[in-house]
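Quick notes on the structure that follows.
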Amino acid sequence: MINVLIIEDEEPAAKRLQEMLATIDNQVNVLNVIVSIKSAVKWFAEHEMPDLIFMDINLADGNSFEIFKSVEIKTPIIFITAYDQYALDAFKVNSVDYLLKPIKKNQLAAAIEKYKQHHLKQSPAANYSKLLELLNPGHKTYQQRIIIRYGENIKAVPVDHVAYFYTEEKYNFLTTLDKISYPIDMNLDEVESIINPKTFFRINRQFIININAIEKMTAYSKSRVKLALNPPSPIETIVSTERSPNFKFWLTGNN
């Protein structure tokens, strides 16, 4: 039996994860679902360590890595994240697995299999303290300018002058705060890996926005958020359902 602890503050996401785990492996036993840093620290103080932990990075009361400051965890962890490409590189370095939201069943199954191999080989525990250091924003530098090439011209656009990046008909663009649009050579995954996540957020597959470009936000269907941007966007800007909780957390500036 694999005793699992889930640290996830989004009830639908936690429920979906439990349902997928039940269909993937009947040996998985979910001990509890923890929704905050505070309750996680309390749970660890009162219980034995589980065999495996699923841990969402962004919880309602802060970054889940704060747990490591109060609890020494040697149990394997599968991290869950909706964004933060640079963080994924740190996970790889530390031999820690991760899943991107929305979690796909085949990827979850692969993560469980990886855990089993890790457990059977009695691999040394990951250094979560080192991981915390790597994820400290002070250790990460972000690109200051985007190089634009159009025709024979080359232009360097300061990243903090960009209102948003977007994809339209398989082409990628940026639009500056002073309403000028340029084609870019990078796709949005590449852009996301080089810009500051405190300033920019990927609201869906097509769009990354600057916090300073948001003019108005309104509630939309299925727990989504509709945005009005300045300068106006050529395509509709709606925060996807799976990204909405992290978007609201990002707005607080605690990411």
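Structure summary
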{"quantity": "Enumeration of residues in segment 51-76 that are open to solvent by 20 Å² or more (accessible area, probe 1.4 Å) and of a type in the set (S, T, N, Q)", "calculated": "63, 70"}
{"quantity": "Residue in segment 170-196 that is modelled with the lowest pLDDT, counting only those that are open to solvent by 20 Å² or more (accessible area, probe 1.4 Å) and under 16 Å from the mean Cα position of the chain (by Cα)", "calculated": "193"}
{"quantity": "Among (1) open to solvent by less than 20 Å² (accessible area, probe 1.4 Å); (2) modelled with pLDDT of 95 or more; (3) more than 14 Å from residue 112 (Cα to Cα), the one test that residue 14 misses", "calculated": "(2)"}
{"quantity": "Flag for residue 84 being acidic (Asp, Glu), crowded, with 17+ Cβ neighbours inside 10 Å and modelled with pLDDT of 85 or more", "calculated": "no"}
{"quantity": "Among the residues listed as 41, 30, the single one being touching a residue at least 24 places away in the same chain (Cβ under 8 Å), over 16 Å from residue 80 (Cβ atoms), within 24 Å of the chain's Cα centre (by Cα) and open to solvent by 10 Å² or more (accessible area, probe 1.4 Å)", "calculated": "41"}
{"quantity": "Answer residue from segment 89-126, given it is part of a helix (DSSP H, G or I) and modelled with pLDDT under 60 and is nearest to residue 64 (Cα to Cα) among those", "calculated": "90"}
{"quantity": "Inter-residue pairs, beta-carbon under 9 Å, first in contact (Cβ under 8 Å) with a residue 12 or more places away in the chain and part of a loop (DSSP other than H, G, I, E, B) and in segment 203-217, second aromatic (Phe, Trp, Tyr) and open to solvent by 10 Å² or more (accessible area, probe 1.4 Å), 6+ apart", "calculated": "206/166"}
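Let's see how each residue does on (1) loosely packed, with under 14 Cβ neighbours inside 10 Å; (2) in contact with a helix residue (DSSP H, G or I) (Cβ under 6 Å, 6 or more places away or on another chain); (3) modelled with pLDDT under 90:
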{"position": "207", "(1), (2), (3)": "no, no, no"}
{"position": "210", "(1), (2), (3)": "no, no, no"}
{"position": "222", "(1), (2), (3)": "yes, no, yes"}
{"position": "229", "(1), (2), (3)": "no, yes, no"}
{"position": "233", "(1), (2), (3)": "no, no, no"}
{"position": "244", "(1), (2), (3)": "no, yes, yes"}
{"position": "248", "(1), (2), (3)": "no, no, yes"}
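The values are calculated or read from the model by the stated rules, or taken from the named source; none is laboratory data. Just so it is clear, the model here is predicted, and its values are computed rather than measured. Glycine gets a Cβ as well: all are built from the backbone with ideal geometry, and neighbour counts include every protein chain shown. Quick note on the areas: whole protein, heavy atoms, side chains included, nothing else; ligands and nucleic acids left out. Shrake-Rupley method; radii C 1.70, N 1.55, O 1.52, S 1.80 Å.
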